[in-house]
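*Asks:* One structure, pasted below without further comment.
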Amino acid sequence: MNKRDFVSLADYAREEIWELLHTAKQLKIAHRAGQERPVLRHKTLAMIFQKPSLRTRVSFEVGMTQLGGHAIYLAPGDIRLGERETTEDIAKVLSRYCDGIMARVFGHEIVEELARHASVPVINGLSDREHPCQILGDLLTVWERKGRIEGLKLAWVGDGNNVCHSWLQAAPKLGMSLSVATPAGFEPLPEIVEYARQFGSVELTHDPVEAVRGADVVYTDVWASMGQEAEAEQRRRVFRPFRVNRELMKHAHPDAIVMHCLPAHYDEEIAHEVAHGPQSVIFDQAENRLHAQKGLLVLLLR
């Protein structure tokens, strides 16, 4: 059985990313016009969660419903992935029941193992290394707001985390330049930066002003992700100069947009007045998770 997984944007070429975005845009237009068709009728998506979720769970579940299919939520305590039963066996059993598997996990190796053993498509709903579904929705948002992706500059301000990694794997392929500002010691993984530089311009700096200067898109994320709670207080001290506020935004392009994948810790990584201000598109991003993932589901499951 031939299948395609969505574990990493590094696995997808420029043309394939654009196919996903065009499909998502068409589905969004059809949905808003009341012309959506149940193209995934009788299809079922298994959703494995090791981490709590708002956008990932709701967008995938609603997406499957709108496309005529069904989604099954498997909470952390339901299957105890890799504890009660091996990841390999879970992948093989779910493949007998379902048409696809989405997993939101801690270790990236878990979603890789699911993909290795499953005979149905596996989608990375988030791992500690990458968050490709988030970036699909973000790219759709940038495309809608700016009318293009190629030639834009995105400034990443904060932690070189999983969301940053997925931006690095996608944006240069589409002609965006990236300027990543992190505190020393919190840079994105060198191998992912090296991969990104094969396709376009990537600059690393420890100066947020330098990164944001002339940017069309300013992006930030929480300073301590799930699983890093013990480091939260130390990170607050180290990251304080990297707060996205009105002062920092003065250095961006006048019509720059502000992005955050949510949940946000206001007045830590981003000021409330910026997150809810006229330049913010954070709730467009949240909505576009739904449409982007519907495009992904259609291309993988149909």
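*Asks:* When you check Glu229 against the structure, is it within 25 Å of Ala13 (Cα to Cα) and of a type in the set (D, E, K, R), yes or no?
*Replies:* Answer is no for this residue.
For every residue, the table says whether it meets (1) over 16 Å from His265 (Cβ atoms); (2) outside the structural domain of Asp255 (by TED's automatic domain parsing); (3) of a type outside the set (Asp, Glu).
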{"position": "Glu191", "(1), (2), (3)": "yes, no, no"}
{"position": "Tyr195", "(1), (2), (3)": "yes, no, yes"}
{"position": "Gln198", "(1), (2), (3)": "yes, no, yes"}
{"position": "Ser201", "(1), (2), (3)": "yes, no, yes"}
{"position": "Leu204", "(1), (2), (3)": "yes, no, yes"}
{"position": "Tyr219", "(1), (2), (3)": "no, no, yes"}
{"position": "Ala224", "(1), (2), (3)": "no, no, yes"}
{"position": "Ala232", "(1), (2), (3)": "no, no, yes"}
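*Asks:* Could you list, in sequence order, the residues of region 242-264 that are free of Cβ contacts under 8 Å to residues at least 60 places away in the same chain and either in contact with a Ser or Thr (Cβ under 6 Å, 6 or more places away or on another chain) or more than 16 Å from Val142 (Cβ to Cβ) (or both)?
*Replies:* Residues satisfying the conditions are Arg243, Asn245, Arg246, Glu247, Met249, Lys250, His251, Pro254, Val258, His260, Ala264.
*Asks:* Could you run through region 18-52 and say how many residues are assigned to a helix (DSSP H, G or I) and under 30 Å from Lys92 (Cβ atoms)?
*Replies:* Final tally of qualifying residues: 3.
*Asks:* Go through (1) in the same structural domain as Lys25 (by TED's automatic domain parsing); (2) touching a residue at least 40 places away in the same chain (Cβ under 8 Å); (3) within 15 Å of the chain's Cα centre (by Cα) and name the single condition Val122 misses.
*Replies:* (3)
*Asks:* Answer yes or no as to whether Met64 is within 21 Å of Ser95 (Cβ to Cβ), part of a strand (DSSP E or B) and either of a type in the set (D, E, K, R) or modelled with pLDDT of 95 or more (or both).
*Replies:* no
*Asks:* Additional query: Just to be sure before I move on: is Glu130 at pLDDT 95 or above, buried (at least 24 other Cβ atoms within 10 Å of the Cβ) and either at negative phi or among the charged types (D, E, K, R) (or both) in the structure I sent?
*Replies:* So Glu130 fits the description; yes.
*Asks:* Tell me which residues, restricted to region 269-296, are buried (at least 19 other Cβ atoms within 10 Å of the Cβ) and touching a Phe, Trp or Tyr at 6+ places or on another chain (Cβ under 8 Å).
*Replies:* Glu269, Ala275, Gln293, Leu296
*Asks:* Which members of region 211-237 meet the condition of being buried (at least 17 other Cβ atoms within 10 Å of the Cβ) and either touching a Cys at 6+ places or on another chain (Cβ under 7 Å) or in a helix (DSSP H, G or I) (or both)?
*Replies:* Of everything in region 211-237, those that are buried (at least 17 other Cβ atoms within 10 Å of the Cβ) and either touching a Cys at 6+ places or on another chain (Cβ under 7 Å) or in a helix (DSSP H, G or I) (or both) turn out to be Ala211, Val212, Asp221, Arg235.
*Asks:* Got a number for residues in region 33-52 being more than 11 Å from Leu297 (Cα to Cα), crowded, with 16+ Cβ neighbours inside 10 Å and polar (S, T, N, Q)?
*Replies:* Total satisfying the criteria: 1.
*Asks:* Output yes when any residue across region 67-84 is modelled with pLDDT of 95 or more, surrounded by fewer than 23 Cβ atoms within 10 Å (Cβ to Cβ) and assigned to a helix (DSSP H, G or I), and no when none is.
*Replies:* Within region 67-84 (the criterion being modelled with pLDDT of 95 or more, surrounded by fewer than 23 Cβ atoms within 10 Å (Cβ to Cβ) and assigned to a helix (DSSP H, G or I)), the answer is no, since none of the residues qualifies.
*Asks:* Inspect region 2-11 for any residue being more than 18 Å from Arg302 (Cβ to Cβ) and either in a loop (DSSP other than H, G, I, E, B) or in contact with a strand residue (DSSP E or B) (Cβ under 9 Å, 6 or more places away or on another chain) (or both) and give the result as yes or no.
*Replies:* Yes: region 2-11 contains one or more residues that are more than 18 Å from Arg302 (Cβ to Cβ) and either in a loop (DSSP other than H, G, I, E, B) or in contact with a strand residue (DSSP E or B) (Cβ under 9 Å, 6 or more places away or on another chain) (or both).
*Asks:* Please find, within region 238-276, the residue that is nearest to the chain's Cα centre (by Cα) out of those that are part of a loop (DSSP other than H, G, I, E, B) and of a type in the set (D, E, K, R).
*Replies:* Ranking the qualifying residues of region 238-276, first place goes to Glu269.
*Asks:* Looking at (1) surrounded by fewer than 20 Cβ atoms within 10 Å (Cβ to Cβ); (2) free of Cβ contacts under 8 Å to residues at least 60 places away in the same chain; (3) part of a helix (DSSP H, G or I), can you tell me which one Pro172 breaks?
*Replies:* So the condition that Pro172 fails would be (1).
*Asks:* Read through the list (1) more than 16 Å from Ile48 (Cα to Cα); (2) part of a loop (DSSP other than H, G, I, E, B), then give the number of the only condition that Asp128 fails.
*Replies:* Against the list (1) more than 16 Å from Ile48 (Cα to Cα); (2) part of a loop (DSSP other than H, G, I, E, B), Asp128 comes up short only on (1).
The values are calculated or read from the model by the stated rules, or taken from the named source; none is laboratory data. Keep in mind that this is a model prediction, so the values were computed, not measured. Positions of Cβ are generated from backbone atoms using ideal geometry, with glycine treated the same way; all protein chains shown enter the neighbour counts.
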